[in-house]
Each structure stands twice: as structure tokens, then as C-alpha cells.
Amino acid sequence: MITRTVSKNPRTTRGDLVNDLQRAGTKVTKATISNTLRRQGLKSCSARRVPLLKPVHVQARLKFAREHLDYPEEDWENVIWSDETKIELFGKNSTRRVWRRKNAELHPKNTIPTVKHGGGNIMLWGCFSAKGPGRLIRVKERMNGAMYREILSDNLLPSARELKMKRGWVFQHDNDPKHTARATKEWLRKKHFKVLEWPSQSPDLNPIENLWRELKVCVAQRQPQNITALEEICMEEWAKFLFYTLCCEEVWNSLWCQYTMRTESEPRSRRGYVVSNSAEDSSKPHKLLLNVCQGYCIGHC
């Protein structure tokens, strides 16, 4: 009954199961329930946050997957990925665990200071490719279409040169209105930039999210105390990614590979998610893209 219940509804709590069993005339403890589920290969985990997908989004993602499933690695390595992100001064950019004794949870060493609204934040635009990180800049004002085009003008082509991208490289950005505005599309066309067609509601498909996560963790560990320090630390930590590409290839590849695409020959899909046909299928990732049909990112290679 226990396994059947949680298989049907994974959000069932141990308390719910204890109460259900008591009503059925069986008295068990939460520990017994945990041990029973663990023996069945089930463990309590935090639910993954995924984009809210409507049927039209699911179809767009599946179309994107089918069109790019057989792309060779060389093509993905010739893509510059871009995005914006917000980093808060005292926000929840990362979770931190501490070793402490009982009843010492409020000791200053065991706490993380927080303030309302994160204590201020900065907005960043950045880009990267398989060859390494491109430029990272702070967006100091509310971004509009004109500002976005100025950012691209000042940073995209220089990034491509610094990364030594091959002829015919492709630019990726999402479907934010500033990115898809007619003026922006016309600007990109006049500059002869190839743009990767991107499905809506798909932030999890962009591998730069992995770098943002890594950046936020590194910044939080250094505990900046003001906005100026926050910006400086962001730039310093981003520069370390360049060091990884030059001197620590294994480290960079571990960041680069964390978003992978499964290469099932005939995946079974439902509601925008892909179910691998076998463990062997899911162990054959491309070097870059993630499982584009899924509503969430695969965390590791």
C-alpha cells in the first residue's frame, strides 16, 4: 500500500501515510515508512522546478528537438549562447549547509543574513560558447530594445572574435520581447548574424543557465557586502571561467557537459517529457545540448 500510494501521488508525505494506515487499522512510524520506501528504491527529494508548459510549448520543444537531434558536435560548438540574469546581494542565489550542534542554529556562524527584496541586485548580460566564456557586462538601467541592440553591438562580435568562432557561427537568445522586436531582428539581419530559432518557455534549454548557477554559487561564497563589491566579484568569478578553459579543461568540460541531449532513436514522449528506452540510451549524450523534450534540465553528464 505504501509504495502504491507514493507511486500514484509522489507528493504524499510520511504523515499522510501514517494517518492512512492508522485508519486502515495498522500502526506504523515515519521511520518504518522511510525504510520501506528506501528498500523499494524510493527516497525523498526536492521537486525540480520546471517551466510551465502549454501544449503549444510542448510541440515547439519537440519540433526543436527533432530538428536538432542529429546535429554534429561541431555545429553546437559553433553556437554563442546568451542570456540575462539577476544576482541579489543577499538573495537566495545558493543554498548553504553548515555543521552545527543542537540548538545552535541561530549562532551567527550558522546563519545567512537576509534583507527584504534581497538587499539590492544587479542585472547581467553574458554569453559563452564551447570555447569559453564571452563578455559579461552589467546592465545598469532598465533594458529596452535599443539598449539590448547596443549591448550586442558592443559585446557580441568582440566576444565572437575573442572566442575565435568559426565562420558561420550562430547566435542564440531567447524570445524576450526585446530580442524579438522588429528593430532587433532587422539589426541582426543587417549585421548578417545567424540566429538559432528558439522555442518559447524554454529557459532550461539554454546551457548558459549552468554558468549562471555556478557564478551565483561562487559569488555567494565570497559574501559581498555592497552592490559595488557584488559587481566586482561577479566579474572576477566570470574571469575564472576563462582560466578553466585555458588551464583546467576538465573543469570547463564538466560545466559544459552538464546540459546534455539524450540520443534515443525512438523516444517515448508524453506531455513534453522524454522517457528513455533504456539506461544505455540515456548514457549517450552530445557534448552540449540537454534533453530538449524534457521540461527540466539534466543535472549531470
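A few points about this structure:
- Unmet requirement for residue 198, which otherwise passes all of (1) within 26 Å of residue 61 (Cβ to Cβ); (2) out of contact with any strand residue (DSSP E or B) (no Cβ under 7 Å at 6 or more places or on another chain): (2)
- In the stretch 8-40, the residues that are part of a loop (DSSP other than H, G, I, E, B), over 29 Å from residue 205 (Cα atoms) and open to solvent by less than 100 Å² (accessible area, probe 1.4 Å): 12, 13, 24, 25, 26, 28, 29
- Which listed residue, of 209, 186, 232, 214, is within 21 Å of residue 131 (Cα to Cα) and free of Cβ contacts under 8 Å to residues at least 60 places away in the same chain: 214
- Filter result (open to solvent by 100 Å² or more (accessible area, probe 1.4 Å) and either of a type in the set (Asp, Glu) or in contact with a Gly (Cβ under 8 Å, 6 or more places away or on another chain) (or both)) within the stretch 182-199: 194, 197
- Looking only at residues of the stretch 75-101 that are in a strand (DSSP E or B) and touching a helix residue (DSSP H, G or I) at 6+ places or on another chain (Cβ under 8 Å), we find that the one that is modelled with the lowest pLDDT is 88.
- Lone qualifier among 238, 169 - being over 14 Å from residue 124 (Cβ atoms) and touching a residue at least 60 places away in the same chain (Cβ under 8 Å): 169
- Cβ-Cβ contacts under 6 Å between residues 6 or more apart (or on different chains), taken from a first residue in the stretch 76-90 that is touching a residue at least 12 places away in the same chain (Cβ under 8 Å) to a second residue that is β-branched (Val, Ile, Thr) and open to solvent by less than 20 Å² (accessible area, probe 1.4 Å), are listed as 81/208; 83/208; 87/122.
- Number of residues in the stretch 162-197 that are under 26 Å from the mean Cα position of the chain (by Cα), aromatic (Phe, Trp, Tyr) and either in a helix (DSSP H, G or I) or over 18 Å from residue 145 (Cα atoms) (or both): the value is 1.
The values are calculated or read from the model by the stated rules, or taken from the named source; none is laboratory data. Bear in mind that the values here come from a model prediction, so they are computed numbers and not experimental data. With ideal geometry, Cβ positions are generated from the backbone for all residues, glycine too; neighbour counts draw on all protein chains shown. Each accessible area value is taken on the protein alone, full model and side chains, heavy atoms only, with ligands, DNA and RNA left out. Shrake-Rupley method; radii C 1.70, N 1.55, O 1.52, S 1.80 Å.
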